[in-house]
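The values are calculated or read from the model by the stated rules, or taken from the named source; none is laboratory data. Since this is a predicted model, take the numbers as computed values, not measurements. Using ideal geometry, Cβ is built from the backbone for each residue, glycine included, and neighbour counts are taken over all protein chains shown. Surface accessibility is based on the protein's heavy atoms, side chains included, excluding ligands, DNA and RNA. Shrake-Rupley method; radii C 1.70, N 1.55, O 1.52, S 1.80 Å.
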Amino acid sequence: MDTTVSGIGAVVVAELRAAGYMESTVGQYAKTIKALTEFASGGLDPVWWTQGQAACAV
């Protein structure tokens, strides 16, 4: 599962950069994707997620 999340995340980040998004925006997406990858691999405690963070990740 984490390969799928990180693979899709890499494509999303690359497309955001290609579309000219600000690096601060791209960085926030990359940070969220990294957390989702850790969560999918079982390495992140779900308590870490607040309701707002979970909503932003969807």
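Can you name the number of the only condition in (1) in a helix (DSSP H, G or I); (2) of a type outside the set (V, I, T); (3) open to solvent by less than 90 Å² (accessible area, probe 1.4 Å); (4) modelled with pLDDT under 65 that A35 fails?
Condition not satisfied by A35: (4).
Being β-branched (V, I, T) and either touching a Leu at 6+ places or on another chain (Cβ under 8 Å) or at pLDDT 90 or above (or both) narrows it down to one residue among V58, V11, V47; which is it?
When all the criteria are applied, what remains is V11.
Return the pairs, sorted by first residue and then second, in which the second residue is in a helix (DSSP H, G or I) and among the hydroxyl-bearing types (S, T, Y), the first residue lies in the stretch 22-35 and is closer than 12 Å to A10 by Cα, the beta carbons are less than 8 Å apart, and the residues are 6+ apart or on different chains.
I33/S6
Using the structure shown, decide if G42 is part of a helix (DSSP H, G or I) and either out of contact with any Cys (no Cβ under 7 Å at 6 or more places or on another chain) or modelled with pLDDT under 80 (or both).
no
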